[in-house]
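Encoded as structure tokens, the structure appears first; notes follow it.
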Amino acid sequence: MTDDELRATLGQRVEDVRGRINAACEHTGRSPDAVTLVAVTKSVSVRVAALLPPLGVPDLGESRPQKLWEKAADIPARWHLIGHLQRNKLDKTVPLCSLLHSVDSDRLLTALNDFGVRRGVPVPVLLEVNCSREEAKGGFAPETLPTLADSLMSLVGLRVDGLMTMAAYSDDPEAARPTFAELRALRDDLRTRTGLPLPHLSMGMSGDFEVAVQEGATLVRIGTTLFEGLEEV
């Protein structure tokens with residue numbers, strides 16, 4: 001596939017996804033400007049990923065820190081880490097990221113807070129919540145969030161911007177709605193308890209992002225819908 005063909009293919013897919021986001025926003029009276037498309041580039045090469053910012057998608061996501069390091073070295077973008085971050089990879093990963101979506105434990109919260117204090121710049125993070133309650137998924141149990149409220153307010157090395165979750169896999173997008181609605185309710189409760197603005201809800205992937213937008217997502221993480229068939233390019 002030539003560069004022009006690849007650019008045209010991706011451009012059309014981006015346009016289609018944005019159209020679907022716009023329609024989901026219209027359904028619930030939201031502004032499309034309130035939703036950021038994060039293109040998850042973990043399955044594609046630097047060549048493919050580098051085409052996204054010129055196509056109007058400056059927010060790129062990776063699930064593994066090492067892959068983020070590699071691509072961020074070649075692609076100027078707003079990088080999002082959407083997968084697990086080990087504490088021994090903080091020094092190299094955090095400075096490259098505009099947002100960490102997957103803060104999933106008290107230990108990681110503490111380590112990131114210490115990093116932010118040392119650097120003198122708060123680290124922007126989202127708390128990952130296991131709203132689907134699947135054992136294979138990481139994240140805070142929903143029931144534990146109220147107990148985090150006091151500690152969040154004391155973590156001066158962090159900027160907690162909201163919450164993130166992943167719904168259980170299903171062929172029916174509507175099956176994800178209760179998971180997304182619960183995350184929104186948890187965010188609203190945590191906002192009341194802490195006084196923090198918590199503007200972001202990172203939820204929704206290729207199979208269910210329209211439902212997520214209807215339930216208040218501000219960040220949708222799209223990979224397959226954009227990149228299917230381009231993994232070997």
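FRET efficiency for the ASP4 to ALA168 pair, using the beta carbon distance and R₀ = 35 Å, is estimated at 0.30. Over the C-alpha trace of the chain, radius of gyration and Dmax come out as 17.3, 54 angstrom.
Each Lys and Arg Cβ is given +1 and each Asp and Glu Cβ -1; about its Cα centre, the chain then shows a dipole of about 880 debye. Between 0 and 90 degrees, the angle of helix 106-119 with respect to the longest Cα principal axis of the chain falls at about 80 degrees.
Peptides 196-206, 50-60 ranked from most to least packed give 196-206, 50-60, packing being the mean of other C-beta atoms within 10 angstrom over each peptide's residues. In the stretch 3-227, a dipole from Cβ-located charges (positive for Lys and Arg, negative for Asp and Glu) runs towards its positive end, and of ALA141, VAL38, LEU155 it is LEU155 whose Cα lies farthest in that direction.
Mean residue ellipticity at 222 nm, helices only, the chain: -12000 deg cm²/dmol; runs of at least 4 DSSP H residues each add -39,500 (n - 2.57), and the sum is divided by the number of residues.
Rounded, prolate or oblate: pick one for the stretch 67-166, where a ≥ b ≥ c are the square roots of the eigenvalues of its C-alpha gyration tensor, a/c under 1.5 means rounded, and failing that, prolate if a/b is larger than b/c, else oblate.
Working: a/c = 2.11, a/b = 1.28, b/c = 1.64.
It is oblate, given that a/c is not under 1.5 and a/b is not larger than b/c.
Once the convex hull of all Cα atoms in the stretch 57-109 is built, its volume per residue stands at 67 Å³. Measuring r between the beta carbons of ASP91 and ARG177 and using R0 = 41 Å, the FRET efficiency lands at 0.55.
Any read-out appearing in this document is the output of simple, stated calculations on the displayed coordinates, not a laboratory observation. Every value quoted in this text rests on a predicted model; they were computed, and no experiment measured them. Heads up, the Cβs are rebuilt from the backbone with ideal geometry, glycines too, and the neighbour counts pull from every protein chain shown.
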